[in-house]
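Everything below concerns the one structure shown next.
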Amino acid sequence: MAELLNPVGDVDIARMVDRFRTTKGHLAELAGLSPETLYKVARSSSAKTQARLREMLEILVRVSAWAGSIEHALAWYTAQPISAFADRTPEALVKTGHASALRDYLDSLALGGYA
């Protein structure tokens, strides 16, 4: 994850776009942000934007160890329904502000809990 952060500790959007082989607009969509948010420096560096991107990135990095790669983790993030969350995808959970609950769920799985 450190390679996707800038020296200040913020998510480096350009690096994230390159790493995920996507566009700023698509990255914004994945995080539940408006597309123009990542194109404007003032908005892309705001606390809210950075928090949402960091939540998404933390989840992807955590899952990439289980999925085998960051690309597989991204596929899981966008498409895998989770029964514990009424079959909502991780993407839907992050978009609606439930990243913390998702992280708690992933912690439980890491400790041997049931999916």
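Quick note: the coordinates plus some simple rules give every number you see, no bench work behind them. If you're wondering where the values come from, they're calculated on a predicted model, not measured in any experiment. Neighbour counts are summed over all protein chains in view; Cβ atoms, including those assigned to glycine, are modelled from backbone coordinates with ideal geometry.
Annotation for Ala51 and Asp12: the two label points, set 7 Å from Cα along the Cα-Cβ direction, are 2.5 nm apart. For Gln50, what is the net charge nearby, where nearby means another residue's Cβ is under 14 Å from its Cβ and Lys, Arg count +1, Asp, Glu -1? My count for the surroundings of Gln50 gives +2.
What's the exposure ranking of Asp10, Asp107, going from fewest to most Cβ atoms within 10 Å? Mind dumping the intermediate values first?
Values: Asp10 16, Asp107 11.
The order, fewest Cβ neighbours first, is Asp107, Asp10.
A simple charge model with +1 on the Cβ of Lys and Arg, -1 on the Cβ of Asp and Glu and nothing else charged puts the dipole of the chain at about 260 debye relative to its Cα centre.
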